[in-house]
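Inspection log for the structure reproduced underneath, given as structure tokens.
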Amino acid sequence: MRAVTHCSCVSDEARPKPRKMSNLEAPFDSTVPSICTSNSCGEDIHQGTEEPPVKIALGISKRQKKKLEKKQKWLATKEERKQKERERLKLKRKAKREAGIELGPSRKLLKLCTMANSNCKQRIVIDMSYDGYMNEKDLCKSVKQLHRCYSSNRRAKNPAQLYVTSFHGPSAQIMERNNGFKNWDIHFKEESYLDLFFKKDVVYLSSDSENVVNELDENKIYVIGGLVDHNNHKGLCHRLACENEVNHARLPINEFMKMKTRQVLTIDHVFQILLAVTEGKSWKNAFLGIIPARKGATALDDSNECI
């Protein structure tokens, strides 16, 4: 509606009142954190849910508008891409069967390998209390790494006792978009690990610690910080462990490996290393099998050969 010019010939009663701004016209609030719905995280994390249309608010920049339009286009083709991916995996499994390649444990067998039925009672915690330290993209990455931890544990013959604590806020909202995640064989807890376990039993893992985990103790609870920071928050896990007065230690990477980069590993790699050790592997073999080649890691007794 065009604005009415104020003039002396128009009375107050005759002047039209300004109409209220609708929700669609509300100014864009950049302070409200958005939930990851794009594939900037690496892979699609929204499984089996109907995506709401993305509303483009007035007053946003051209760059923001372009990003929202790109997101709309990506969401519009999501189901088609998922169907193509299902077909691709189906053909891949068929090719493996025809080639006589083992496909791995069946779903029926996996359902029997639960934490409750496992001989492994080692408790491993992923502390998801770092949401405020990550942007949207890194939040998505942390949730994706949590997926991989669950996948590894689910396929283990004797799964570890996996806990996810401080599970609320943006990371939990992202996970909510995955249908069925509440049925996963994981102990999801909104409480902090400090409220669930005795401090004396906790060992917070940090590459900055001066202490070393020489062997796993089934009576201890090993905590992995659920943080993806790209070196933006160096020493944060170690500092918080000290402030909370809990034990802390690092994996014995220096004792077995030579690294070309920092010894900071992803959430899922740390979990997979711990899981491998619970299965009877040595630290050295666990490191060699899991630390990615881009880290340039070599065994100390075989320093001429990179993994």
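Structure above, values below:
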{"item": "Residue in the stretch 176-188 that is modelled with the lowest pLDDT, counting only those that are exposed (fewer than 13 other Cβ atoms within 10 Å of the Cβ) and of a type in the set (S, T, N, Q)", "result": "Asn179"}
{"item": "The stretch 189-228, subset among the hydroxyl-bearing types (Ser, Thr, Tyr) and in a loop (DSSP other than H, G, I, E, B), residue modelled with the highest pLDDT", "result": "Ser192"}
{"item": "Residues (in contact with a Gly (Cβ under 9 Å, 6 or more places away or on another chain) and under 18 Å from Tyr150 (Cβ atoms)) located in the stretch 271-299", "result": "Gln272, Ile273, Ala276"}
{"item": "Check on Val264, surrounded by fewer than 21 Cβ atoms within 10 Å (Cβ to Cβ) and under 12 Å from Ser207 (Cβ atoms)", "result": "yes"}
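The values are calculated or read from the model by the stated rules, or taken from the named source; none is laboratory data. Model, not experiment: these values are computed from the prediction. Here Cβ is always computed from backbone atoms with ideal geometry, including for glycine, and neighbour counts include all displayed protein chains.
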